[in-house]
Amino acid sequence: MTMKKMLLFVLTAGISMGVLAGCSGSDGEPSPYEESEVNQLEGVSMETTEATYPVEAEGVNVRIKNETDEEYYYGVAYSVERLVNDTWVVVPFEGEVSWIEIAITLAPQSENEEGVSFDLLESDREPGTYRIIKEVANHVVAAEFELVETE
């Protein structure tokens, strides 16, 4: 291999690795949900019980509200996303996560409250804006919150 070809190969390989590393960086994968898909189930909403939590929090509590006359169902599965440079990215779980397949009833004109644990998440949390994602009746609902440093 000539010196020019070798140099070209090394430069191409280096650039390719840099691009791949940038795409799969520590910020996680981009959210699989378009903003137009989130919180579109009319009369159903989700919020955290507090607007801010300390970065050391072991989890958050969410309240899912149904202000309709319909009964809806959802499961225990959830995901966590972090806002990075105006883009929602998935906070990965440690290893493979399995969820039990049960249906939780969200009765008409009611609300359910449940805890969402951070124990399953891969990395330590940093201060910033996060959201919990759940699916209710095949619709994506999200609840935003802030993680802040405590003094």
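The values are calculated or read from the model by the stated rules, or taken from the named source; none is laboratory data. Model, not experiment: these values are computed from the prediction. Cβ: placed from backbone, ideal geometry, glycine included. Neighbour counts: every protein chain shown.
Summary of values
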| item | result |
| --- | --- |
| Qualifying residues in region 106-116 (those that are surrounded by 12 or more Cβ atoms within 10 Å (Cβ to Cβ) and more than 12 Å from the chain's Cα centre (by Cα)) - the one nearest to Glu70 (Cα to Cα) | Pro108 |
| Leu120 being crowded, with 16+ Cβ neighbours inside 10 Å and out of contact with any Leu (no Cβ under 8 Å at 6 or more places or on another chain) | no |
| Condition check for Glu50: acidic (Asp, Glu) and farther than 15 Å from Glu135 by Cα | yes |
| So Glu126, is it surrounded by fewer than 16 Cβ atoms within 10 Å (Cβ to Cβ), in contact (Cβ under 8 Å) with a residue 12 or more places away in the chain and assigned to a strand (DSSP E or B) | no |
| Close pairs from region 79-91: first in contact (Cβ under 8 Å) with a residue 12 or more places away in the chain and buried (at least 16 other Cβ atoms within 10 Å of the Cβ), partner in a strand (DSSP E or B) and acidic (Asp, Glu), Cβ under 7 Å, at least 6 apart | Trp88/Glu81; Val89/Glu81; Val90/Glu81; Val91/Glu81 |
| Odd one out for Lys65, checked against (1) surrounded by fewer than 16 Cβ atoms within 10 Å (Cβ to Cβ); (2) among the charged types (D, E, K, R); (3) in contact with an Asp or Glu (Cβ under 7 Å, 6 or more places away or on another chain) | (1) |
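Results for (1) in the same structural domain as Glu35 (by TED's automatic domain parsing); (2) out of contact with any strand residue (DSSP E or B) (no Cβ under 8 Å at 6 or more places or on another chain); (3) in a loop (DSSP other than H, G, I, E, B), shown as yes or no for each residue.
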{"residue": "Ile64", "(1), (2), (3)": "yes, no, no"}
{"residue": "Thr68", "(1), (2), (3)": "yes, no, yes"}
{"residue": "Tyr73", "(1), (2), (3)": "yes, no, no"}
{"residue": "Ala77", "(1), (2), (3)": "yes, no, yes"}
{"residue": "Arg82", "(1), (2), (3)": "yes, no, no"}
{"residue": "Gly95", "(1), (2), (3)": "yes, yes, yes"}
{"residue": "Glu101", "(1), (2), (3)": "yes, yes, yes"}
{"residue": "Pro108", "(1), (2), (3)": "yes, no, yes"}
